[in-house]
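The values are calculated or read from the model by the stated rules, or taken from the named source; none is laboratory data. Please read these numbers as outputs of a predicted model, since none were measured by experiment. Quick reminder, even Gly has a Cβ in these numbers, built from the backbone with ideal geometry, and neighbours come from all protein chains shown. Accessible surface is based on the protein model in full, side chains and every heavy atom, while ligands, DNA and RNA are left aside. Shrake-Rupley method; radii C 1.70, N 1.55, O 1.52, S 1.80 Å.
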Number of protein chains: 2
Amino acid sequence: MNLTEAKKQFIQTWGTLGSEWGINRTMAQVHALLLISPNALCTEDIMEQLNVSRGNANMNLRELMNWTLINKELVPGDRKEYFVAEKDIWEIARIIARERKRREIEPVLKVLNGLKEVEGDQSDKELKAFTETINNLSNFVGKMDKSVDMMLKADENWFFGTILKMIK
Amino acid sequence: MNLTEAKKQFIQTWGTLGSEWGINRTMAQVHALLLISPNALCTEDIMEQLNVSRGNANMNLRELMNWTLINKELVPGDRKEYFVAEKDIWEIARIIARERKRREIEPVLKVLNGLKEVEGDQSDKELKAFTETINNLSNFVGKMDKSVDMMLKADENWFFGTILKMIK
DNA sequence: TTAAACTTTCAATTATTTCTGAAAGTTTAT
DNA sequence: ATAAACTTTCAGAAATAATTGAAAGTTTAA
């Protein structure tokens, strides 16, 4: 397989994976494109290589900046903005974990903890089932949350080393 | 807060989380409803409690069965099918991990490994960047995959115990 | 200033996903 | 056999999400 074909396939695959995980397909594709680019790209490059409009390119670049997955890079003597992706995969994983924790896990945990306060007849079967599920879930999601905190502090080798040692 | 209100909020929250993670909102809501139900529910119950059509209820129940997150339960003397959810949160987490691994991680890993074979001029900057990213990514995704395997075999307490011990 | 170069916005359009509900299919009891 | 009870299917409708592109906004150089 040649490079052009391989790039195309990678960008397409990454886009599909993104949308299966609730991330805008184009955002994932822009990210993929920048991940494999040896040098910074400008909006025009992205529009051209992915066949998307200026508005779409701009919006997804902005969103990737929000996630801190990409950075602006200034090219001396050029007014355009260029973009580069963070290339370290472990760092990328941490960024994504951090953001999803903040945007999704933490709010859910808050709701679950609030739902522990539900009042009513303690001998009611419905209430008992509800309370038990909420307690188990909030306990579990709490541990997930802590695990992400752990990962955010950890070194890649230690992290995988610990998890993988049992099946090495 | 009373039980009725709390249930509503839980179902709504779980549905939102589901769609943020690429799972159909209604499927997540049906799952949530069954998770907090002390007894098995039939299609009618679900249609009524979630205000969805028969077709929608049926399709999502079927899909939850595919995931093995719920099971049919037969009530003697009743021709209707009733459904119960697996209640053990660790077991649920493993089911979801297993299914997402199979449906999403494994196919991507296959593509990434295929993309290592790309041919071309080894001194080309573009090719070098591409190859390096693909190698790093396939290495990382491979470790993720193995970690999921590990989790699938592990006991909940051991798993979280190991991960959490550093920040306890 | 001002005009060219560039970025951002957003209303309208297009694409994608999900949902509905009635019809078709299946199973069971008699 | 047949009819009632129940489940599944699927074409069209509705809802949601993503995209376009032109206009408005901003920055910079001269």
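Residues of the stretch A:29-51 that are part of a helix (DSSP H, G or I) and open to solvent by less than 10 Å² (accessible area, probe 1.4 Å): A:V30, A:A32, A:L33, A:L34, A:L35, A:I46.
Just give me the residues in the stretch A:24-45 being hydroxyl-bearing (S, T, Y) and away from DNA strand D (no atom under 12 Å from the Cβ), in sequence order. Step through it out loud before you land on a result.
Looking only at the stretch A:24-45, we keep the residues that are hydroxyl-bearing (S, T, Y), and these are A:26, A:37, A:43.
Result: A:S37, single match.
Just so you know, in the stretch A:62-108 the residues that are assigned to a helix (DSSP H, G or I) and within 12 Å of DNA strand D (Cβ to nearest atom) include one that is nearest to the other protein chains (Cβ to nearest Cβ), and it is A:E63. I'd like to know if the stretch A:63-79 contains one or more residues that are within 10 Å of DNA strand C (Cβ to nearest atom), modelled with pLDDT of 95 or more and surrounded by fewer than 18 Cβ atoms within 10 Å (Cβ to Cβ). Yes; the residues of the stretch A:63-79 include at least one that is within 10 Å of DNA strand C (Cβ to nearest atom), modelled with pLDDT of 95 or more and surrounded by fewer than 18 Cβ atoms within 10 Å (Cβ to Cβ). Taking the numbered list (1) within 11 Å of another protein chain (Cβ to nearest Cβ); (2) within 16 Å of DNA strand D (Cβ to nearest atom); (3) at pLDDT below 95 in turn, B:E119 passes all entries but (2). Within the stretch B:1-23, the set of residues being within 14 Å of DNA strand D (Cβ to nearest atom) and under 16 Å from the mean Cα position of the chain (by Cα) comprises B:G15, B:T16, B:L17, B:G18, B:S19, B:E20, B:W21, B:G22, B:I23.
Taking every residue in the stretch B:9-32 that is within 19 Å of B:E104 (Cα to Cα) and facing chain A (nearest Cβ under 9 Å) and pairing it with any residue that is away from DNA strand C (no atom under 12 Å from the Cβ) and open to solvent by 40 Å² or more (accessible area, probe 1.4 Å), at least 6 positions away or on another chain, the pairs with Cβ-Cβ distances below 8 Å are B:E20/A:R103; B:W21/A:W21; B:G22/A:W21.
Scanning the stretch B:46-61 for residues that are within 7 Å of DNA strand D (Cβ to nearest atom) and polar (S, T, N, Q) yields a single hit, B:N58. If you go through the stretch A:133-168, how many residues are not charged (D, E, K, R) and not in a helix (DSSP H, G or I)? So the count comes out to 1. B:S138 meets all of the listed conditions (1) under 20 Å from A:K8 (Cα atoms); (2) open to solvent by 20 Å² or more (accessible area, probe 1.4 Å); (3) more than 9 Å from every other protein chain (Cβ to nearest Cβ) but one, namely (2). Is it true that A:R94 is under 12 Å from the mean Cα position of the chain (by Cα), open to solvent by 80 Å² or more (accessible area, probe 1.4 Å) and away from DNA strand C (no atom under 16 Å from the Cβ)? So A:R94 does not fit the description; no.
Go through the stretch B:141-168 and count every residue that is open to solvent by 60 Å² or more (accessible area, probe 1.4 Å) and either under 18 Å from the mean Cα position of the chain (by Cα) or facing chain A (nearest Cβ under 8 Å) (or both). Steps first, answer last, please.
Start the filter on the stretch B:141-168 by keeping residues that are open to solvent by 60 Å² or more (accessible area, probe 1.4 Å), which leaves B:144, B:146, B:153, B:155, B:157-158, B:165-166, B:168.
Going one step further and asking which of them are either under 18 Å from the mean Cα position of the chain (by Cα) or facing chain A (nearest Cβ under 8 Å) (or both), we end up with B:144, B:146, B:153, B:166.
Qualifying residue count for the region: 4.
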